Amino acid sequence: MPAQIATVRRFNRTVTQRVGALSDEFLLRDRPLALARLVWEIGAEGGEVVMLRSRLGIDAGQMSRMLRALEADGLVTVTPSDADGRVRVARLTAKGLAERVLLDERSDALAASILEPLAPDQRTELVAAMRTVERLVVASLVELRLVDPESRDAQRCVCAYVAELNRRSPDRGFDPRQGATAAPHEVRPPNGAFVVVYLRGEAVGCGAVKHHPGAVTDLKRMWLAESARGLGLGRRLLEHLEGLAREHGSAAARMETSDVLPEAIALYRSAGYVEVPPFNDEPFADRWFSKPLRRR
């Protein structure tokens with residue numbers, strides 16, 4: 001472990017120096033990396049201040065100072081939310097949007113400057129290593145938490161899940177109140193459980209289990225935000241839900257899904273699920289899967 005810790009620290013020093021994280025003029029602008037990162041995180045659509053704090057892992061005082069600095073530069077405005085006056089929302093001004101475009105361009109140039117001196121096979125090796133580092137670092141930041149299905153974070157995730165299904169298949173119209181439901185009382189102990197995936201304190205995914213007589217558990221409402229995909233979190237969430245089913249005493253897990261979710265279908269098959277005849281009347285489903293759960 002001491003040798004591994006030393007390697008991690010050396011890696012951190014190398015990266016922070018190479019990307020200019022220690023400079024007060026990050027990417028040759030007149031502000032440090034922290035402020036540039038906040039501009040990027042606010043994005044074109046703006047963001048709730050509390051969510052930005054959670055995403056960046058900073059306290060309220062530091063966030064206030066950073067936002068005041070960006071407001072003074074004319075890059076940001078902070079106003080109450082239209083939906084809830086108690087919630088503050090940061091938005092980029094026209095000048096802030098132009099600054100974000102410039103930061104993107106210069107970030108691309110910095111990344112290119114790291115890759116260009118390397119031979120093609122070295123570039124491939126470096127990019128692959130970076131993907132591995134990102135995936136494993138993110139794994140260390142993830143928390144899978146049991147929550148009430150009617151909590152704010154749970155409902156936010158379910159709404160995002162339903163909205164994505166309807167974006168992918170607007171002609172079918174997914175309605176979670178029809179077919180194989182996962183109503184709050186059905187995914188609340190002792191009938192089931194609801195899990196929210198948190199990354200840096202932000203809710204980025206969800207999933208639920210719904211227990212049935214006969215030692216069978218349905219896996220429901222599995223969803224991950226686009227920003228959290230490709231990091232192995234889907235498989236981790238799936239395994240966690242299977243663990244909850246085992247703890248309940250279920251001998252099998254099953255789920256239904258739609259052909260508009262090819263990523264989910266590929267995940268289920270790779271995890272050992274096999275396609276079976278329909279076991280419910282879910283009108284939005286095209287495929288039904290089942291998997292025996294071995295005792296651990």
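Structure summary
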{"item": "Largest to smallest accessible area among THR124, THR93, THR79, THR217 [probe 1.4 Å]", "result": "THR124, THR79, THR93, THR217"}
{"item": "J(HN,Hα) series, the range 242-254, from Karplus relation 6.51 cos²θ - 1.76 cosθ + 1.60, nearest Hz, glycine and proline x", "result": "4, x, 5, 5, 4, 4, 6, x, 6, 9, 8, 10, 8"}
{"item": "Under the Karplus curve 6.51 cos²θ - 1.76 cosθ + 1.60, θ = phi - 60°, whole-Hz ³J(HN,Hα) for the range 156-162, x wherever Gly or Pro sits", "result": "5, 5, 4, 4, 5, 4, 5"}
{"item": "Low-density loop cleavage sites - GluC sites (Glu not before Pro) in the range 43-130, where at most 14 other Cβ are within 10 Å (DSSP)", "result": "GLU45"}
{"item": "Shape category assigned to the range 89-157 from the gyration tensor of Cα positions, a/c cut at 1.5", "result": "oblate"}
{"item": "Candidate lysines for bridging to LYS210, where Cα separation is under 22 Å - those fewer than 8 sequence places away on the same chain excluded", "result": "LYS220, LYS291"}
{"item": "VAL89, VAL19, VAL137, reordered so the largest accessible area comes first (probe 1.4 Å)", "result": "VAL137, VAL19, VAL89"}
{"item": "Per-residue SASA entry for ARG9, accessible area with 1.4 Å probe, Å² rounded to 10", "result": "150 Å²"}
{"item": "Length-normalised contact order for the range 188-267 - Cα pairs under 8 Å, 6+ apart - percent", "result": "25 percent"}
{"item": "Prolate/oblate/rounded call for the range 91-247, Cα gyration tensor, a/c under 1.5 rounded", "result": "prolate"}
{"item": "Residue-level accessible surface for LYS95, protein heavy atoms, 1.4 Å, Å²", "result": "120 Å²"}
{"item": "Cα shape, the chain, gyration tensor, a/c 1.5 rule", "result": "prolate"}
{"item": "Sequence-distant residues sharing a close amide H with VAL89 (under 5 Å, placed H)", "result": "VAL49, THR79, SER81"}
{"item": "For LYS220, distant residues with modelled amide H under 5 Å away", "result": "ALA208, VAL209, LYS210"}
{"item": "Probe 1.4 Å, all protein chains present, accessible-area order of HIS240, HIS248, largest first", "result": "HIS248, HIS240"}
{"item": "Rel. contact order, % - alpha carbon contacts under 8 angstrom, at least six apart, the chain", "result": "12 percent"}
{"item": "Net dipole in debye of the chain [+1 Lys, Arg Cβ; -1 Asp, Glu Cβ; about Cα centre; nearest 20]", "result": "900 debye"}
{"item": "Computed accessible area, PHE279, all protein chains, 1.4 angstrom probe, square angstrom", "result": "60 Å²"}
{"item": "Whole-Hz couplings from phi, Karplus 6.51/-1.76/1.60, listed for the range 167-177; x for Gly and Pro", "result": "5, 6, 9, x, 7, 9, x, 6, 10, x, 7"}
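The values are calculated or read from the model by the stated rules, or taken from the named source; none is laboratory data. Being a predicted model, the structure only gives us computed values, none of them experimental. When we count neighbours, we look across all protein chains shown, and the Cβ atoms used for this are built from the backbone with ideal geometry, even at glycine. Heads up: the accessible areas ignore ligands, DNA and RNA and are worked out on the full protein's heavy atoms, side chains in. Shrake-Rupley method; radii C 1.70, N 1.55, O 1.52, S 1.80 Å.
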